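Enquirer: Before anything else, here's the structure in question.
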Protein chains: 2
Amino acid sequence: MQAYPLTLTNHLKRARAFFPDKQIVSKLEAGVFRYTYRDFAGRVAQLANVLRGLGIGQGDRVGTLAWNSHRHLELYYAVPCMGAVLHTANLRLSRDQIAYIINHAEDKILFLDEDLLPLVERLSLDSVRNFVVMLSDPHGTVPTTSLRPAHNYEDLLRSGSAHFEFPELDENMPAGICYTSGTTGEPKGVVYSHRGLSLHSLALCLPDAFALSERDTVMPIVSMFHVNAWGMPYAATMVGAKQVYPGPHPDCKTFAELIQNERVTLTAAVPSVWIAMLAELDRVHYDIGSLRTIASGGAAVPQSLIAAYERKFGVPIVQAWGMTEISPLATVSRLTAAMEDWSEKERLRQRGKQGRLIPGLEMSVVDGQGREIAWDGRQSGELRIRGPWVADRYYKGQQFADGWLHTGDVVTVDEHGFVQIVDRTKDLIKSGGEWISSVALENAIMAHPKVLEAAVIAVAHDRWQERPLACIVPKPEFRNLITKEEILEALRSHLPAWWLPDEIVFIEEVPKTSVGKFDKKVLRERFKNVQL
Amino acid sequence: MQAYPLTLTNHLKRARAFFPDKQIVSKLEAGVFRYTYRDFAGRVAQLANVLRGLGIGQGDRVGTLAWNSHRHLELYYAVPCMGAVLHTANLRLSRDQIAYIINHAEDKILFLDEDLLPLVERLSLDSVRNFVVMLSDPHGTVPTTSLRPAHNYEDLLRSGSAHFEFPELDENMPAGICYTSGTTGEPKGVVYSHRGLSLHSLALCLPDAFALSERDTVMPIVSMFHVNAWGMPYAATMVGAKQVYPGPHPDCKTFAELIQNERVTLTAAVPSVWIAMLAELDRVHYDIGSLRTIASGGAAVPQSLIAAYERKFGVPIVQAWGMTEISPLATVSRLTAAMEDWSEKERLRQRGKQGRLIPGLEMSVVDGQGREIAWDGRQSGELRIRGPWVADRYYKGQQFADGWLHTGDVVTVDEHGFVQIVDRTKDLIKSGGEWISSVALENAIMAHPKVLEAAVIAVAHDRWQERPLACIVPKPEFRNLITKEEILEALRSHLPAWWLPDEIVFIEEVPKTSVGKFDKKVLRERFKNVQL
């Protein structure tokens, strides 16, 4: 067979040749902007010329701080197809983290949306030699700024020729880089290759994944600065779908209007967006009948949410699971033919799981003793993944040890191969070589009528290595009317005896992170010297 | 990203892990045989052990002469996944050709269906050291035969362990080999790599191709000895679809019964099968309502056939085009969203074309002067293809010159990127650097009411290099009542003056090949000394 490389350049050529009249729609401050793949391809060529003119060569990193828009899509193709590496910086990170990742990636240029100028002006950046501002008014001028030099994106494009001879690339060349959000330690960069993104695009479009085709109108709500908006823009361009980008004001009204007016068929966002949208759709009537699938992931999708969209709008929410390190897609919760005969309740429970591995990847689930678990929906172990779109190291880091990505997620797998995440490995209690799930314990404790919140952490133990300690916040009305013994008694009927906490402490509240998750680091620190 | 290879072993592992209870159905002489992917995977491991026991090592060729069955599917995976190369010999070739390709491929073992014993006994084979007979009765014994040693497939499998550690393979390793039918010269071998077949499987399953999913029941009617049954068995296994194989009696009754009884959703065969099926379905009532798509290719699909299936059964025939050298799939004639608004006649005409290039490939259409043609549905040129599942040479041959596969097909491309084949380059008349389509000329001549058949060939010309000569068979009633001048007069109104034949000869009949095509080689030989 020909040694023909898998590259994003193939997408670009395909889109230009076969879908010149298909639309790309972008919501800007000024209103809805609309153009064709023909215009898009021309501007990508212009942008590639601009990049070359600004001294960008093969392997150089080009940063973006930008919302979901047609210009961001232009950067998605111009940068990797001319041989450079697109670094989509996450604008939701702290200022220090944003500066850290741009400096760590050594971005030579930074493309930023106009409204992010004040943010960028306060960053201390080492490597950036040129700033390019994407103005909301394409005919506007760059405001006075301390950034130097600060170019106008549209002016630069006008200066570039619409002809660019894209180089032949090795498929293993880096195309993009994205940093994990870094809840522990500094953010870590994941480098995506042309090969990985090409294969990920093919897998994403499979009927058993998201079934993307030329007939779709795709609106990625998930941010383009977050794992390539789950790969949707690349997949949509490959198949020539109409694309819709919601721009700098990602709010429910904008999403609902765009779905209605552009006849969106497929959209993707985290569950919290779909919870908020439900309220908006209750408040105002929109016609969202064009939607055929809502893709959701990034956090477990509540069954009640799936049921609500099914009942009210007849739209299936299809849950998926992935990681920055997996480009990101790994599992999709799509029912098999046989499951269609199940009861509604069973189907819903199945769709509430994270789903089945998509073609191309391989998985292994290993318990505390390093044994492969049984696929019975009960035994749990750490999920490990390998495949051509799975990272083998972090940027500037060492190669991972054994050829598998250790996801840090503890999962069960049912007899149908559906994965369900039950915990994070770092939150597990490793007791005598067996695992106790902190999440399962917390859920059991929080089911007690006197309990408001509970967090379970591991505490060091001489004989068993670790044992569970439960930190419980009583409901206000039971503050002094709750005993350790009654909690333990309630747990005995639901859990194995050796799972029961060795110690229970009553606390005022569970410390939380900035995004509202339990901050067990703080609790572990507070109780590290407890003697069990 | 991980250096994870694209191999058929990934399909096998996936099928075994995620779809153990899905069915594979095989029509045998004795009746319908049915088992699960679990059993399939076990037998593939046994077969791999058998192959190793018979001395098959990495890169060795293993031949098959077999119909579409579950055993052939076992060979499809056991042979390439243990590192050897599957040579699916075409049992429709002449005896000399079959011997030639088995000797040329140097097959070390030959697996054959029982009914092909008499054929194989008469072949003169140089390299085959073991014959393995697949009996229609799995509990039967091998009949007396001159083949030595002649093993019983089922006995061998029973002797093999159901555990086999499949080796890690380089994705560029050969997995299979198939010979072109060799209408000119000796058959030529095309070697398929694990990478090529893996990517071809992904592309085949895309919604804009054949949308294969776990929910499908796939029945490949196209032979497993012909370009891997268009890649359907590999794609079906990858997604965990139910598979149905029609066995050693590929007739319409068998196909119709299997579609009805197994609830087949997707099937694939050449147009002549669908023409014959139409008669069978008119004769006997079958419920074929489970079918969602009929894939057809290998020859142009008549619009009338597409219309008949649409009207009578509501089943779309989706036309595709490919070649042995392209694994084989290159284009699929699937309407775009916008085309759904066209009139029925326009839609039918569009579906009668060979279709649009699938993702992953690249095409170029070049006229007689080496210029890229306009996509206007009128200009024509030779179709050239490149991509990761396109051959770069024939087995034991030189690498093709310029990185493109020259298909030898002359095509037009319309403004939607749909390819339509209008001729073969070898049948073109190259006149003064321009091309004259023999097929277009023949169609124009055959439209004349006095003409039964016409074949147009090129004859050498001093000034123009080549000029057309038309060989015409008059209808019997006009045998002596037809003149050259009236033919030319009729053509003048339809064709450019320089296309008109320089000479017309009236003949008794157009010589035909064994499969009924015009045999222009014979005519070219007969008229090579004509002076124009």
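The values are calculated or read from the model by the stated rules, or taken from the named source; none is laboratory data. Quick caveat, the model's predicted, so the values are computed rather than measured. For neighbour counting, all protein chains shown are included, and Cβ atoms are generated from backbone atoms with ideal geometry for every residue, glycine included. Side chains included, ligands, DNA and RNA excluded: accessible areas come from the protein's heavy atoms. Shrake-Rupley method; radii C 1.70, N 1.55, O 1.52, S 1.80 Å.
Enquirer: Could you state the angle between the C-alpha long axis of helix A:271-283 and the longest principal axis of the C-alpha atoms of chain A, as a value from 0 to 90 degrees rounded to the nearest 10?
Expert: 80
Enquirer: 7 Å from Cα along Cα→Cβ at both A:Gln58 and B:Leu278: what's the point-to-point distance in nm?
Expert: 5.5
Enquirer: Enter the mean projected area of the convex hull around the alpha-carbon atoms of the range A:429-526, in nm², rounded to one decimal.
Expert: Numbers: hull surface 25.6 nm².
It is 6.4 nm².
Enquirer: Further question: Per residue, how much accessible area does the range A:429-526 show when a 1.4 Å probe rolls over the protein heavy atoms, in square angstrom?
Expert: Values: 5350 Å² over 98 residues.
Solvent-accessible surface per residue comes out at 55 Å².
Enquirer: Shifting gears a bit: Under 20 Å from the 7 Å Cα→Cβ point of A:Val270, by amide nitrogen: which residues of the range A:396-417?
Expert: A:407-410
Enquirer: How do B:Trp375, A:Trp404 rank by accessible surface area computed with a 1.4 Å probe, from largest to smallest? Show your work: numbers first, answer last.
Expert: Working: B:Trp375 70, A:Trp404 40 Å².
My answer, sorted largest first, is B:Trp375, A:Trp404.
Enquirer: Straight distance only, please: which lysines reach the Cα of A:Lys430 with their own Cα at less than 29 Å, same-chain residues fewer than 8 apart left out?
Expert: Qualifying lysines at Cα under 29 Å: A:Lys188, A:Lys353, A:Lys450, A:Lys484, A:Lys512, A:Lys517, A:Lys520, A:Lys521, A:Lys528.
Enquirer: Tally Lys/Arg at +1 and Asp/Glu at -1 over every other residue whose Cβ is under 12 Å from the Cβ of B:Gly42; what's the total?
Expert: +2
Enquirer: Still on this structure: Checking an interface number: how much accessible area is buried between A and B, summed over both chains, with a 1.4 Å probe, in Å² rounded to 100?
Expert: Summed over both sides, the interface buries about 4600 Å².
Enquirer: Ignoring everything except DSSP H segments at least 4 long, calculate the 222 nm mean residue ellipticity for chain B; use -39,500 (n - 2.57) per segment, divide by total residues, nearest 500.
Expert: Roughly -8500 deg cm²/dmol at 222 nm, from the helical runs in chain B.
Enquirer: While we're looking at this one, here's another question. With a cut-off of 8 Å between alpha carbons and a minimum separation of six or more residues, what is the relative contact order of the range B:8-247 in percent?
Expert: With pairs under 8 Å counted, the relative contact order is 25 percent.
Enquirer: While we're on this one: What FRET efficiency, computed as 1/(1 + (r/R0)^6) with R0 = 45 Å and r the Cβ-Cβ distance, is obtained for B:Asn261 and A:Ser364, rounded to the nearest 0.05?
Expert: Efficiency for this residue pair is about 0.70.
Enquirer: Just to be sure I follow: if Rg is taken over the C-alpha atoms of the protein assembly as shown and Rh is the Kirkwood radius over the same atoms, what is Rg/Rh?
Expert: Over the Cα atoms of the protein assembly as shown, Rg/Rh equals 1.01.
Enquirer: Classify the range B:8-247 from the C-alpha gyration tensor, please: rounded if a/c falls under 1.5, else prolate or oblate depending on whether a/b exceeds b/c.
Expert: It is rounded, given that a/c, with a ≥ b ≥ c, falls under 1.5.
Enquirer: Another question about this same structure. Sort B:Ser193, A:Ser380 from largest to smallest accessible area, using a 1.4 Å probe on the heavy atoms of the protein chains.
Expert: Largest accessible area first, the residues go A:Ser380, B:Ser193.
Enquirer: By the scheme Lys and Arg +1, Asp and Glu -1, what is the net charge of all other residues having a beta-carbon under 14 Å from that of B:Ala444?
Expert: It works out to a net charge of -3.
Enquirer: For A:Val264, A:Val522, what's the largest-to-smallest order of accessible area, 1.4 Å probe?
Expert: From most accessible down to least: A:Val522, A:Val264.
Enquirer: What is the minimum Cβ-to-axis distance for chain B, in whole Å, where the axis maps B onto A, and to which residue does it belong?
Expert: Here the nearest residue and distance are B:Leu202, 2.
Enquirer: Give the residue list of GluC sites (Glu not before Pro) in the range B:451-532 that are DSSP loop and have at most 14 other beta-carbon atoms within 10 angstrom.
Expert: Passing sites in the range B:451-532 are B:Glu508, B:Glu509.
Enquirer: Hey, got the dipole for chain A? About the Cα centre, +1 on K and R Cβ, -1 on D and E Cβ, debye to the nearest 20? All intermediate terms of the calculation are to be shown ahead of the outcome.
Expert: Values: 58 positive and 63 negative charges, 86 e Å.
Dipole about the Cα centre, nearest 20: 420 debye.
Enquirer: Let me ask you something else. Report for the range B:429-526 the percent antiparallel among DSSP-assigned beta bridges with both residues inside it, nearest 5. Walk me through the numbers before you get to the answer.
Expert: Working: 15 of 19 bridges.
Bridges in the range B:429-526 are about 80 percent antiparallel.
Enquirer: What angle, in degrees between 0 and 90 and rounded to the nearest 10, separates the Cα long axis of helix B:8-18 from the longest principal axis of the Cα atoms of chain B?
Expert: 60
Enquirer: Could you tell me whether chain A comes out rounded, prolate or oblate from its Cα gyration tensor? Rule is a ≥ b ≥ c as square roots of the eigenvalues, rounded for a/c under 1.5, then prolate if a/b exceeds b/c, otherwise oblate.
Expert: Working: a/c = 1.81, a/b = 1.65, b/c = 1.09.
Prolate, because a/c is 1.5 or more and a/b exceeds b/c.
Enquirer: Can you give the % of DSSP beta bridges in chain B that are antiparallel, to the nearest 5?
Expert: 55
Enquirer: For B:Ser159 and B:Ser136 in the same chain, what is the full-extension length gain: residue separation times 0.36 nm, less their Cα-Cα distance, in nm?
Expert: Full-extension gain reported as 6.4 nm.
Enquirer: Say each of B:Arg378 and B:Glu186 gets a label point 7 Å from the Cα, pointing the same way as Cα to Cβ; how far apart are those two points in nm?
Expert: So the two model labels end up 4.7 nm from each other.
Enquirer: On C-alpha positions alone, give me the angle between the axis of helix B:70-81 and the longest principal axis of chain B, in degrees, nearest 10.
Expert: 80
Enquirer: What whole-number distance in Å separates the alpha-carbon centres of the range B:257-288 and the range A:380-426?
Expert: When both Cα centres are located, 46 Å separates them.
Enquirer: So, by mean Cβ neighbours within 10 angstrom, what's the order for A:232-243, A:115-126 with the highest one leading?
Expert: Numbers: A:232-243: 26.7, A:115-126: 15.2.
Packing proxy ranking, top to bottom: A:232-243, A:115-126.
Enquirer: Within 10 Å, Cβ to Cβ, of A:Phe111, how many net charges do the neighbouring residues add up to if Lys/Arg are +1 and Asp/Glu are -1? Before the final figure, lay out the partial values.
Expert: Details: positive: A:Arg71; negative: A:Glu74, A:Asp107, A:Asp113.
Charge balance near A:Phe111 sits at -2.
Enquirer: Could you tell me which of rounded, prolate or oblate describes the range B:1-141, using a ≥ b ≥ c as the square roots of the eigenvalues of the alpha-carbon gyration tensor, with rounded for a/c under 1.5 and, failing that, prolate when a/b is larger than b/c and oblate otherwise?
Expert: Oblate.
Enquirer: Can you tell me, using C-alpha contacts under 8 Å and at least 6 residues apart, the relative contact order of chain B as a whole percent?
Expert: 10
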